[in-house]
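Heads up, the thing below is written out as structure tokens.
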Amino acid sequence: MKKHPIAILISGRGSNMRALIEACARPDYPARIALVLSNNPDAPGLETARAAGLATLAVDHRDFKRDREGHERAIDAALREAGVEAICLAGYMRVLTPFLVKVWQGRMLNIHPSLLPKFAGLHTHERAIEAGETEHGCTVHLVTDGVDEGPILAQATVPVLAGDTPESLAARVLEQEHRLYPQALADFLVHQ
């Protein structure tokens, strides 16, 4: 089986990254992680990736002041040098400029903790509870210029239970994220 080289972009602990690392370790999985990149040199997920024997790189956005495209050009150069074919955003907490979105159009995936198109952006669990939703979940989608607006590749649902807090709902959704993201990535790569 062909193992497509992918990059994972993180900003923090990288819990979805860990799920992808486990999936990529399987011989029958169609991806291998060529690079884990973070905009935050202190991201705990970088140490997790290093411990798994993966190549890591921090491209600190603060070094670029307000030059967001310059930051993304440095990221793009690193991705190309690593031979990456697809990108998985996994808790990457930067809104991308049109530069990186266009260069990687159709090859950049994101996981979002809601059933898009509902609750794009932040604080999705709080908003779902406040809205009285009975169902919530997560979505894997392709990245486009609009925040959380790209074509949906896969979704998983969880019930919103009476007495749910944002934290309890988030924990159930995160379990589904860890299952859904590797599955959606595999399906995406096999049909490329």
Criterion violated by Asp28 - all others in (1) free of Cβ contacts under 8 Å to residues at least 60 places away in the same chain; (2) open to solvent by 40 Å² or more (accessible area, probe 1.4 Å); (3) of a type in the set (Asp, Glu); (4) outside any loop (DSSP other than H, G, I, E, B) satisfied
(4)
Hey, any hits in the range 65-84 for a residue that's in contact with an Asp or Glu (Cβ under 6 Å, 6 or more places away or on another chain), open to solvent by 30 Å² or more (accessible area, probe 1.4 Å), modelled with pLDDT of 95 or more and not acidic (Asp, Glu)?
no
Close pairs (6 angstrom Cβ cut-off, 6 or more residues apart or separate chains): under 10 Å from His112 (Cα atoms) and at pLDDT below 95 in the range 136-154, open to solvent by 30 Å² or more (accessible area, probe 1.4 Å) and not in a loop (DSSP other than H, G, I, E, B) anywhere:
none
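Please go through the range 90-118 and give me each residue that is closer than 16 Å to Gln155 by Cα, of a type outside the set (Val, Ile, Thr) and touching a strand residue (DSSP E or B) at 6+ places or on another chain (Cβ under 6 Å), ordered by number. Full working, then the answer.
Restricting attention to the range 90-118, the residues satisfying the condition of being closer than 16 Å to Gln155 by Cα are 90, 109-118.
Imposing the further condition that a residue be of a type outside the set (Val, Ile, Thr) reduces the set to 90, 109-110, 112-118.
Passing the criteria: Ala90, Leu109, Asn110, His112, Pro113, Leu115, Leu116.
Those residues that are at pLDDT 95 or above and either within 16 Å of the chain's Cα centre (by Cα) or in a strand (DSSP E or B) (or both), I need them from the range 14-25; list them, please. Full working, then the answer.
Residues of the range 14-25 that are at pLDDT 95 or above, as a first pass: 16-25.
Result: Asn16, Met17, Arg18, Ala19, Leu20, Ile21, Glu22, Ala23, Cys24.
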For the range 58-86, what are the residues that are in contact with a helix residue (DSSP H, G or I) (Cβ under 7 Å, 6 or more places away or on another chain), in contact (Cβ under 8 Å) with a residue 24 or more places away in the chain and aliphatic (A, V, I, L, M)?
Ile75, Ala86
Among the candidates Leu9, Leu37, which residue alone is touching a residue at least 12 places away in the same chain (Cβ under 8 Å), closer than 30 Å to Val160 by Cβ and either open to solvent by less than 10 Å² (accessible area, probe 1.4 Å) or among the charged types (D, E, K, R) (or both)?
Leu9
Hey, can you tell me all the residues within the range 42-63 that are in a helix (DSSP H, G or I) and either among the β-branched types (Val, Ile, Thr) or open to solvent by less than 60 Å² (accessible area, probe 1.4 Å) (or both)?
Gly45, Leu46, Thr48, Ala49, His61
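The values are calculated or read from the model by the stated rules, or taken from the named source; none is laboratory data. Computed from a prediction, not measured in an experiment: that's the story for all the values here. Every residue, glycine among them, receives a Cβ derived from its backbone with ideal geometry; neighbour counts consider all protein chains shown. For the accessible areas, the whole protein counts, side chains as well, though only heavy atoms, and no ligand, DNA or RNA atoms are used. Shrake-Rupley method; radii C 1.70, N 1.55, O 1.52, S 1.80 Å.
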